[in-house]
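Reviewing the structure listed below.
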Amino acid sequence: MDAMSGHSATSTEETLDPSDWADVQVLSHRIVDDAVAYLRDVRQRPVWQEMPGDVRDFFTASLPQSPTPLADIYGDVVDKVMPYPMGNIHPRFWSWYMGSCNFTGALGDFLAAIQGSNLGGGNHAAALMDGQVVDWCKQMMGMPASASGTLVSGGSMANIIGLTVARNTKAGIDVREHGVAAIEKPLRFYGSDQIHSCHRKGMEALGLGNRALRRIASDASLRIDIQALRAAIAEDRAAGFKPACIIGNAGTVNTGAIDDLQALAKLAHEEDMWFHLDGCIGALIAIAPENAHRVAGIEWADSIALDPHKWLHAPFEAGCALVRDASAHRKTFAVTPEYLESTPRGLASGQWLHDYGLQTSRGFKALKVWMALREHGVEKFGRLIDQNIAQGHYLASLIEAEPALELAAPTSINIVCFRYRAEGLDGERSKALNTEIMLRLQEEGIAAISDTTVQGRHCLRVAINNHRTRREDLDLLVAETVRLGNEIAAL
Ligand SMILES: *Cc1c(COP(=O)(O)O)cnc(C)c1O
């Protein structure tokens, strides 16, 4: 048999490829048609629905030993999976904080899987594109061309990358060789009391411990109190700690508050500390013409975590870590084992992308981001961010005009905290009533919102990171919240 012909009628060797490509082609066309209709009609379906018992039971079936026709398997996906999504592609999904995906991005994920490259690195087109998307992220943030970066699973990983480079750069010893126990003065990191929980996980994973992350009080607008931060740094220094890193928030998860980034950058510089920016929510505001001023100072950060699966609406997952000092970044992660040495030509020439993070094998995340950015252009993504922020302020104005509701925190960007207000209810009963409103909004398939506690008081929370939301959806939310609140309060 010819080595390149790839087929021999007498072969008994197996493969995962279909025996009949024509069959798979017909089924695949149907899947694409269904997928287009699924997205086109998303507004007609409930945001979310509870799964019946038979659907739950279906997912307890044990490991398949023998084959099932692909068409039957797809039938199960249609019946048991597609009707029960988290709901974040729906125009009235505003829970927690996530993007709403896009069809082009889905095609990108499909083609990335078909092409199949491993983005650990090497000399191939996907690796070049991975670097190009990182470069585009640098441009969006106003970072210099000499900065480096890496695409990761999401914001949590991107933050951990930034914090790791910060730790290694400021430790004063070779942490990679000697470990954190050899650090002379214990390192201290600082962020506001609104900081995302991934930083705690990061501090724990870095061996520094949760207590090495000092939470500084936030002010009435939920921004870090700079005077309190300055005092904490001085106090720690006097007590023998080494203040190493300030973590700024460009958009806190509770209320969307944006710290005074210029003041933080300046303070970090004066104190010889690393300035890391958690921009998972708001770093991309830098591309939004009407609101970019809110994140002025972002370009001064030593490292930035941003999240293309939030305001660029990439299908999960796609996060990005950027580091101003490329050599500090590389020095933190690069290792060259004998089986991954570069060659002057061929497949192993070119960059090893795994030298910029913890993973060795890496998915081809760049394609979905690259295709959507090219299709729409970055200006449209900027306008969509402005649109969501305008919608956030629109919703806040509806709530202010509605006597049954009250705002629970200042609205800075696209996150609105509010509650149904019932006369004479104490904190516990107000929480129970508002939680019941939130659950019924979800269970009736009207809207998905979440809740939180701000300045000690429970509230409902709407985060509009959604390119499908229209103002009429927010009108409906307010009307339905009041209806449900009145119904429940009357019981
Ligand atoms: C979403 C978010 C994170 C975590 O990002 P993931 O992509 O969910 O891992 C971190 N910080 C902030 C402020 C966030 O909003």
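Laboratory data are not the source of any read-out in this text; all were calculated from the coordinates shown. Note that this is a predicted model, so its numbers are computed, not measured. Quick reminder, even Gly has a Cβ in these numbers, built from the backbone with ideal geometry, and neighbours come from all protein chains shown.
Some values worked out for this structure:
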read-out: The chain, relative contact order [Cα under 8 Å, separation at least 6], %; value: 21
read-out: Cα gyration tensor shape for region 107-377, rounded if a/c is under 1.5, else prolate or oblate; value: oblate
read-out: Relative contact order for region 379-489, counting Cα pairs under 8 Å that sit 6 or more residues apart, in percent; value: 29
read-out: Two-decimal Rg/Rh across region 379-489, once Rg and the Kirkwood Rh are taken from alpha-carbon atoms; value: 0.97
read-out: Rg and Dmax of region 185-333, Cα atoms only, in Å; value: 15.0, 47
read-out: Square roots of five times the Cα gyration tensor eigenvalues for region 1-157, Å; value: 32, 30, 15
read-out: Residue-wise HN-Hα coupling along region 423-434, computed from phi with Karplus coefficients 6.51, -1.76, 1.60 (Hz; x: Gly, Pro); value: 3, x, 8, 7, x, 4, 6, 5, 5, 4, 5, 5
read-out: Radius ratio Rg over Rh of region 102-178, counting only Cα atoms, Kirkwood formula for Rh; value: 1.05
read-out: Formal net charge of residues neighbouring PRO308 (Cβ-Cβ distance under 11 Å; K, R +1; D, E -1); value: +1
read-out: Pairwise centroid distance, computed over Cα atoms, of region 249-326 with region 18-62, Å; value: 37
read-out: Alpha carbon convex hull of the chain, projected area averaged over orientations, nm²; value: 28.5
read-out: Cα shape, region 415-463, gyration tensor, a/c 1.5 rule; value: oblate
read-out: Helix-only [θ]222 nm of the chain, DSSP H runs n ≥ 4, -39500 (n - 2.57) each, per residue, nearest 500; value: -13000 deg cm²/dmol
read-out: Percent antiparallel among DSSP beta bridges (both partners in region 155-299, rounded to 5); value: 15
read-out: Relative contact order for region 305-439, counting Cα pairs under 8 Å that sit 6 or more residues apart, in percent; value: 14
read-out: Inter-centroid distance (Cα atoms) of region 64-131 relative to region 187-203, Å; value: 31
read-out: Distance (nanometres) between label positions extended 7 Å along Cα→Cβ at GLU235 and SER146; value: 3.8
read-out: Above-threshold pairs, the threshold being 19 Å between Cα atoms, out of LYS170/LYS331; LYS138/LYS201; LYS331/LYS365; value: LYS138/LYS201; LYS331/LYS365
read-out: Counting DSSP beta bridges with both ends in the chain, the antiparallel % (nearest 5); value: 60
read-out: Within region 70-106: backbone nitrogen closer than 19 Å to the ASP54 label point (7 Å, Cα to C-beta); value: 72-85
